[in-house]
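Student: Just passing along the structure, written as structure tokens.
Quick note: the coordinates plus some simple rules give every number you see, no bench work behind them. Everything quoted here is computed from the prediction, not taken from an experiment. Note that we place each Cβ from the backbone using ideal geometry, even for glycine, and neighbour counts take in every protein chain shown.
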Amino acid sequence: MFKHLLVPTDGSPLSEAAAAKAVRFAKEIGARITGLSVKPRFHPFTLRPEQVEDTRDDRWDVDLHARDYLAALEQHAKDAGVPFNGVVATNDHPWEAIVEVARSSGCDLVAMASHGRTGIVSLILGSQTQRVLAHSTIPVLIYRP
């Protein structure tokens, strides 16, 4: 049924647990995985130009973290014998990148974590998972804590 899973990861313990479950699922059904890490755009707006130089290192740190998250997922997939491809996308709205990469990569399932926030916290922080569910044209499998 499903042959190509998109597995977004943000490096959080919940995301890593969901990714491990997605790898096991992919192995059971003979699917391949595209791993995704989304990093925010670099916004150098400042009133003090010297701050741009200070934040340049932060931009590289964000890129390094994104690649580290994917490397951990890739190792899980490799250990399980699941074909893997990693993608780092840049977008200030992770849900948009998840939907777009799923479409452009030809994935037939998105398997991702939900932090399960409720109440006012959910309203303030928003829910990337809810947005993916609302905008995705392919099925979404949610792993809850």
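Student: Can you tally the net charge around His135? Count Lys and Arg as +1, Asp and Glu as -1, for every other residue whose Cβ sits under 12 Å from the Cβ of His135. Mind dumping the intermediate values first?
Tutor: Numbers: positive: Arg103, Arg131; negative: Glu96, Glu100.
Local charge sum for His135: 0.
Student: So for Thr90, Thr137, fewest C-beta neighbours within 10 Å to most, what's the order?
Tutor: The order, fewest Cβ neighbours first, is Thr137, Thr90.
Student: What nm value, rounded to one decimal, do you get for the distance between Gln75 and Arg144 when each label is placed 7 Å out toward the C-beta?
Tutor: 3.1
Student: Let me ask something else about it. Which of the lysines could a cross-linker bridge to Lys3, judged by Cα under 25 Å and excluding same-chain residues fewer than eight apart?
Tutor: Counting by Cα, and skipping residues close in sequence, Lys3 has these lysines nearby: Lys21, Lys27, Lys78.
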